[in-house]
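Accompanying notes for the structure given below.
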Amino acid sequence: MRFVEAVKQRAGKFLLERTMRDGIDLRKMRFLPSSVTMPLKRDGLDPLPEMAAIRATEPVTKLATLFGKNIWLVSGYDEARAALADGTSYSNDIGQFVSQEGRSDEDQIGGLGMTDPPLHTALRRYLTPEFTMRRLARLEPEIERVVHERLDAMEAAGPHVDLVKEFAFPVPFQVICELLGLPVEDRERFFELGVARFDLSQGGVGAFGAAAHTRDFLIKAVAAQRAEPGDGLIGGLLKEHGDELDDLTLGGIADGVFLGGYETSASMLSLGAYLLAENPDAMAMLRDDSAGREHVDRIVEELLRHLTVVQLAFLRFAKVDLELGGKQISAGDAVGISLLGANRDPAVAGADPDTFDPHRPPTRHLAFGHGMHRCVGAELARMELRIALRALATRFPDLAVTAPRDTLDFRKLSAVYGVEALPVDLHGAGDRVPAGR
């Protein structure tokens, strides 16, 4: 069977879009029972207290879900790592959990996280060469350019700016465009679609439509490059695999890369900037050249662990009866892994796991997942964070958030956690507002 036919028949689409299509109004999710919403709710930047209580007493526990079925929630680090590493006992095919009825071929082309071998193996084989350190090194000067361009724009607009709008979203967007190899003249329209895609203010209706338009945009971008491939990821895949990948399939792959690398990096930049603004010592460490990259790398890893913006790993399903964390899981049961819960486990973080500690020794955190479904773009994300946050701390050492934490508009029940806006004073550390809860 040709690869594209396998994609059309088996690839799952992203859970958020399925949720929209299945008629769930995300504006109403705040009124659902806590047993349903707890894994996706936070108290500011922290998991709800219930998460720690469950992890301590029942690191694998059964919860209700939006879809009328139960899932096993895994919140312990050891249990989460074991489940993520097990590529034979679980299936990541989300189609088992949500109806496929009425889905088009375009809808069914999803990302690596929702596919099983051999389809997953094929997708990974196509993408992995595009994310080697040698390939990523070619992006580093472009990331530097984009970051400093946005810092210049903020300084010109400041001192009071929304860091999300002016920095956290534009930087990873431009990086993804460079990675994919999208023409500069097309990026403004693509940016509009990207912003709309993650806007859940209308219950997800507009976001679902924008998702379809985004896929169409990328499919057309593939078609435009087929005759003369560019230097980006799309062009590279066309050069190497153009005979076996049609426009629909390659557009779906590009869409998966966009989804995996845009919103997650934007959320990490905005929430990371928030934490750094409230921790002047960490800001100073980022600017310190005496230790080379050691301080920067350590802070980036602690931010990834502490924030864990991808709150849950993609759902997986037991293929066989198995035991996890002392619980008997039956074949067909759904398993949800709380990456946030696992990364706040003392088993991996040590003392004070809920504290952001820039001096914390490196941990084996699960912010990028683990096993065969580990994020293929992890090193690109690290590079973006390292360059962007260090440059931000150097350019604006007195950066201050101008709103208390309890007034910030954090996302409600989002698979990727973040803040909708982050008002800052670029030069206002003297007027810093206490963080609060």
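Here, each number is a calculation from the coordinates, and none is a lab measurement. Everything numeric in this text was worked out from a predicted model, so none of it was measured. Note that we place each Cβ from the backbone using ideal geometry, even for glycine, and neighbour counts take in every protein chain shown.
What is the sum of charges around Ile329, taking Lys and Arg as +1, Asp and Glu as -1, for the other residues whose C-beta is under 15 Å from the C-beta of Ile329?
So the surrounding residues net to -1.
Take the Cβ-Cβ distance between Ser330 and Met372 as r, set R0 to 25 Å, and report the resulting FRET efficiency rounded to the nearest 0.05.
E between Ser330 and Met372, to the nearest 0.05, is 0.60.
With labels modelled as points extended 7 Å from the Cα through the Cβ direction, what inter-label distance (nm, one decimal) is found for Arg187 paired with Ala156?
In this crude label model, Arg187 to Ala156 measures out at 1.5 nm.
Using 0.36 nm per residue of separation minus the Cα-Cα distance, give me the extension gain between Arg395 and Ala82 in nm, one decimal.
108.5 nm
Using the Cα centre of the range 207-261 as origin and beta-carbon charges of +1 (Lys, Arg) and -1 (Asp, Glu), tell me which of Leu233, Val257, Gly209 is placed farthest towards the positive end of the dipole.
Highest projection toward the positive end goes to Gly209.
As an exercise, use a Förster radius of 56 Å and the Cβ-Cβ distance of Glu228 and Ala347 to find the FRET efficiency, rounded to the nearest 0.05.
In this case the efficiency is close to 0.60.
Starting from the range 211-318, pick out the trypsin sites (Lys or Arg not before Pro) whose DSSP state is loop and whose Cβ has at most 14 other Cβ atoms within 10 Å.
Answer in residue order: Arg293.
Can you sort Thr249, Thr121, Thr61, Thr264 from fewest to most other Cβ atoms within 10 Å of each residue's own Cβ?
Taking fewest neighbouring Cβ atoms as first place, the list is Thr121, Thr61, Thr264, Thr249.
Sort Met372, Met114 by Cβ crowding within 10 Å, fewest neighbours at the top.
Met372, Met114
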